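Scroll down for the structure; my scribbles are underneath it.
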Amino acid sequence: MNVWQSAEGRWVRADLRARRGQAALTVLAVAGIVTALIVAATLLEDGTNPWRGLFERSHGAHIWIHTKDVPDVPALRALNGVTEVAGPYRSAPATLVDHGRRVPIALQETPPVLPSVARPLLREGHWLNAGRQNEIVVEWSFARALGLRPGDPFTVTGLNGATHTLTVAGLAESGDQGFYPEWTPGLAWAQGPTLTLVEPAPGRTETVTGLRLADPAATDLVVQRAVFTLRNQVQRVSTWREVRASMELDNRLLGLLLALFGVAGLVAAALAVANATGGRVLTQVRDLATLKSLGFTAGQITRMLVVEHGALGLAGIVLGLVAGGLINAFALPDTVVAPLAPGPLVAIVLGTGLTVLLAVWLPAWRGGRTPPLPTAPATPPRGHLSRLARVAFLVRLPPALVLGARDAFTRRTPAALTVCGVAIPMMMITIGLGCWATLDDFIRHPESVGQAAPLSVRPGDLTAAEVYERAMADPDVVAAYPGTELDALVPGQTRTVRTRALGTAGDPYPFPVAEGRMFRDQGEAVAGQGLLDLLGVRIGDRVRITIGGTPLIVRIVGRVVEPEQDGEVLSMGIDSLAAKDAVPPGFYALALRPGADPGQTRARLQGQGLEVAQAVNPADRLSVIRVIIVALVTVLALIGLANLLTAIGLGLRDHVFDLAVLKAMGLTPRQVMATLVTGTGLLVVAGVLVGASAGALWSRGLIDMEGRDSGVGAGIGRPPTPGMFAAAVLIAVGAALLVALIPARRAARAQVPVTPRLPG
Amino acid sequence: MSGTPVVKAVNLVKVYQTGGLPVPAVRGVDLTVRAGEFVAITGPSGSGKSTLIHMLGGLDTRTSGEIWLDGKRADTLSESGWALLRRRKVGFVFQFFNLVANMTVADNVELPALLGGASPRQARERREYLLGELGLADRAGAAPARLSGGEQQRVALARALANQPTLLLADEPTGNLDSRNTRDVLRLLGRVHGQGQTIVLVTHDARAASMADRVVSLLDGQIVDDGAIGSARRRPGGTAGDVVELRG
Ligand SMILES: Nc1ncnc2c1ncn2[C@@H]1O[C@H](COP(=O)(O)OP(=O)(O)OP(=O)(O)O)[C@@H](O)[C@H]1O
Ligand SMILES: [Mg+2]
């Protein structure tokens, strides 16, 4: 039988029809949350794992086989699991000569027409043109590290020592090798004749062939078969796993923040659904009692309510899935290249689905327990006019104010619904603003996250003294701290940890010390939270580490905010190291004059022939969080307003009788409206203030907690700025009052029905 | 008087607990209603009439005593057991009509039939028949709030009769109606009874009580008078399902 034609179906259908607007709001709220979560997860995944997107877009090859000569391509193509073959392409080692530097590169042959497999993705400039020789396309991260732009000269020296000046035609990305400098040598694409020009000797080139697989999991197997098929020809093999690993960012903080937002989103969804369902069930007690007197069982009513409200939630999830997909596909086509992996998608859908069902189930169960006795539809307010109110009347305060205020506190359930319904989204909005303020603080005070020096120069061909001199000669550079980064063996660990020696004990680099103190002596060090957790040590403890075979005992005297390596970094003065490790320094960290533009300084220093790297502010990597914050705040605001409407609806239903009384007392419709808005307004202000204060109090602690768990360490959290806080509170109250006005207006204008009251 | 009684209460007691204080509302009522009987229950306000009738229909639990419906013990049933029983055997009419506000008149009347397992077509036919008989055929698509009090109560009566219940319980069905509508509703009750419907009617209204075969008077939760009035107008058993030619 058609479900809609059953008794339960009839009722569900009638109820949905009677409250289309409210139902639509519920669907939209859930859809908004799901959309925000999907977009956030996609952006995050894309930001922290760029390989997936690049590989997808470039239709990359999973395996690259390097051979001396051209391999047996048909045999490779015939291997089980191989779907397509890229190349074979010739590849020649060469050296790029740039501002006196000599940087090793790999020059790879490429056809003038972009290949279908392992297709480089042009980002700037134009692709190689068969008509124009002596042009070259440079891999994007490599070009960025060297400061190369389309049109720049590109001087290469072949193995035979001959120098050729080529021109950079364009910059392209590739999913087939990692980013420079993590992945070396740097890559440049050239046409066959150009390659022959640079490396005329065929014996000195190698051949690379890419295999695209049907199933990436079969990589190891295919590699084995390929190596077997090609016998002794294979020189080396690289796979997508290495590429992906080299591209991945340490994303624990990001992941944790996303998890925080995910939970916030789910709580918001639960709140929206529970509020809508609970409010609706409360207004329906009388109808539910009637249904029971007709023979509906408690189970039937619970089921009916779960189906009705759960269906709205599920509709919201489906709508959110579609909207998230559409936004990823059309609104963010440049940032998002690959759809969300099934894992997070399933987690979002299941998480929201379960949350919705749980949130629906409780009020539905309560509804099912409604006694079948016909109860009075509403009790008149129990409170009497308080003495205070009477005094207020006597001194001629506007009656609307007095009645509204009394009203706000005599109806417990709608009052609680209003306050909570507003306070919880407001709290989460404030926490979101706290995250925003924290990111702003990262940008404004990079020194507070360990980035007092935005640039670092590596000696390369130059001596350390030359580098120091050239760097300090720049007008914007105020200090150059000698530094080196080494891997240290620590007790009880099978892997090494990063040891960063920077500055000296006498002139230490300004690390952001969050606890304890800065190192002042040789043999003292500071550490990130991640390292303290890893070793299970506390400030004041001594640790024994081994650097390059030399044992070293350091005392940890402080904890620093450490955004790198999940906080598993030990920092000390370079003079604490053995001379063999410390001299010459691996790099100089440059502190700039306040207000100096690191980009310009970097360009100037590069002009001086220095190899300069610019630090990436964690906030830039976390910028995706800002998108999520905006989206979430919007959805939360909508949810707060929807909650408010539910609560007002519930309050108004109880009001029907009072409205008659108020009008009989001689209040004009305008005064009646003012009474209603005052009643709601007071509760809204209470809810907004409670929520915003709780959010401001907690945001710092919550962010610090995320910081600690991610190894960065506590001490990064900031509450929202006072301006932001005030604006949020004012906007929230204003929007809430505007929303409260709509039903109040309608109620004040409406003819008051003479509704019968049931005997108590 | 032969056959199983439609409803039988044995030493029925209801004690409410209000703030720890026991409030006895019904104190040992014995009542037997036979098929086709029309029993009016009267008594002053607070005498326990509503409590009694609610217990007879399973809307409220008894404190002690027995309730037998159609020869089967009912007071020991669970809440859902009562619900299933009500679907088939009991129709309720309340003072305040208690129509489901969101549903149309037609849906309100079809609901019990659907609940009882009738097919949508059967439910519709039954509804068309009942509304037609009660003179409300043209209001089928209306919302209950659009109807006058008398019309709403007639719809409630149609709904109560939708499943051809063995027992119709009515708690002051005319308590909220003007005299004209009261007369209409009472006339309808009389006709339904004329077709053999067993009715228990709680009322303050002497005129309503005078229509019954038997008047039971309650005082402080106890039966103080129970007597047949006039000549028995009872007819052999049967239910409102056989009602025909209600309009005349
Ligand atoms: N839910 C309840 N809780 C506590 N006491 C109740 C409850 N319902 C009824 N009572 C009490 O039980 C007694 C009988 O109430 P009941 O409603 O059955 O009277 P009634 O005869 O129907 O009165 P009326 O003619 O006014 O409808 C009264 O004293 C009443 O106060
Ligand atoms: Mg009563």
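The values are calculated or read from the model by the stated rules, or taken from the named source; none is laboratory data. This is a predicted model, so every value here is computed, not measured. Quick reminder, even Gly has a Cβ in these numbers, built from the backbone with ideal geometry, and neighbours come from all protein chains shown.
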Next item on the list: Please indicate, with yes or no, whether at least one residue in the range A:663-679 is of a type in the set (S, T, N, Q) and at pLDDT 80 or above.
Entry: yes
Margin query: Can you go through A:24, A:14, A:31, A:18 and tell me which one is within 14 Å of chain B (Cβ to nearest Cβ), out of contact with any strand residue (DSSP E or B) (no Cβ under 6 Å at 6 or more places or on another chain) and either buried (at least 24 other Cβ atoms within 10 Å of the Cβ) or at pLDDT 85 or above (or both)?
Written below: A:14
Check: Among the residues of the range A:283-295 satisfying the criterion of being touching a helix residue (DSSP H, G or I) at 6+ places or on another chain (Cβ under 6 Å) and of a type outside the set (S, T, N, Q), which is farthest from the other protein chains (Cβ to nearest Cβ)?
Finding: A:288
Next item on the list: Would you be able to say whether some residue in the range A:216-223 is under 30 Å from residue A:188 (Cα atoms), more than 14 Å from chain B (Cβ to nearest Cβ) and not in a helix (DSSP H, G or I)?
Entry: no
Checklist line | Total residues in the range A:18-54, condition in contact with a helix residue (DSSP H, G or I) (Cβ under 9 Å, 6 or more places away or on another chain), charged (D, E, K, R) and assigned to a helix (DSSP H, G or I) | finding: 3
Margin query: Checking the structure you have, find out if any residue of the range B:84-106 is closer than 24 Å to residue B:203 by Cβ, touching a strand residue (DSSP E or B) at 6+ places or on another chain (Cβ under 7 Å), of a type in the set (D, E, K, R) and assigned to a helix (DSSP H, G or I).
Written below: yes
Item checked: Output for the range A:569-583, where each listed residue is at pLDDT 85 or above, in contact with a Gly (Cβ under 7 Å, 6 or more places away or on another chain) and not aliphatic (A, V, I, L, M) -> A:573
Check: What number of residues within the range B:105-137 satisfy the criterion of being among the polar types (S, T, N, Q), surrounded by fewer than 20 Cβ atoms within 10 Å (Cβ to Cβ) and closer than 14 Å to residue A:10 by Cα?
Finding: 1
Next item on the list: Only residues that are outside any helix (DSSP H, G or I) and touching a Phe, Trp or Tyr at 6+ places or on another chain (Cβ under 6 Å): list them for the range B:153-175, please.
Entry: B:169, B:171
Next item on the list: Answer yes if at least one residue in the range A:587-595 is in a loop (DSSP other than H, G, I, E, B) and within 16 Å of residue A:480 (Cα to Cα), and no otherwise.
Entry: yes
Note to self: For a quick check of your reading: which strands (runs of 3 or more DSSP E) sit entirely within the range A:120-189 and have at least 2 residues that are within 24 Å of residue A:208 (Cα to Cα) and either within 26 Å of the chain's Cα centre (by Cα) or without any contact (Cβ under 8 Å) to a residue 40 or more places away in the chain (or both)?
What the structure shows: A:121-125, A:163-173
Item checked: Matching option when the condition is closer than 30 Å to residue B:113 by Cβ and in contact (Cβ under 8 Å) with a residue 60 or more places away in the chain, among A:12, A:39 -> A:12
Check: Just wondering, is there one or more residues in the range A:35-57 that are modelled with pLDDT of 85 or more, away from chain B (no Cβ under 14 Å) and either over 39 Å from the mean Cα position of the chain (by Cα) or closer than 30 Å to residue A:325 by Cβ (or both)?
Finding: yes
Margin query: So, residue A:391, is that one part of a helix (DSSP H, G or I), modelled with pLDDT under 85 and not small (Gly, Ala, Ser) or not?
Written below: yes
Notebook entry, point to check: Checking residue B:83 against (1) away from ligand 2 (no atom under 16 Å from the Cβ); (2) within 14 Å of chain A (Cβ to nearest Cβ); (3) under 20 Å from residue B:16 (Cα atoms); (4) touching a Lys or Arg at 6+ places or on another chain (Cβ under 7 Å), which single condition isn't satisfied?
Noted result: (3)
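Table: residues versus (1) more than 30 Å from residue B:155 (Cβ to Cβ); (2) surrounded by fewer than 21 Cβ atoms within 10 Å (Cβ to Cβ); (3) more than 13 Å from every other protein chain (Cβ to nearest Cβ).
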residue: A:263; (1), (2), (3): yes, yes, yes
residue: A:272; (1), (2), (3): yes, no, yes
residue: A:281; (1), (2), (3): no, no, yes
residue: A:301; (1), (2), (3): no, no, no
residue: A:305; (1), (2), (3): no, no, yes
residue: A:309; (1), (2), (3): no, no, yes
residue: A:320; (1), (2), (3): yes, no, yes
residue: A:326; (1), (2), (3): yes, yes, yes
Next item on the list: Please indicate, with yes or no, whether at least one residue in the range B:180-194 is buried (at least 23 other Cβ atoms within 10 Å of the Cβ), away from every other protein chain (no Cβ under 13 Å), away from ligand 2 (no atom under 16 Å from the Cβ) and outside any helix (DSSP H, G or I).
Entry: no
Next item on the list: Return the total of residues in the range B:41-61 being more than 14 Å from ligand 2 (Cβ to nearest atom) and buried (at least 24 other Cβ atoms within 10 Å of the Cβ).
Entry: 1
Check: So which residues in the range B:137-152 are within 11 Å of chain A (Cβ to nearest Cβ) and within 18 Å of residue B:172 (Cβ to Cβ)?
Finding: B:149, B:152
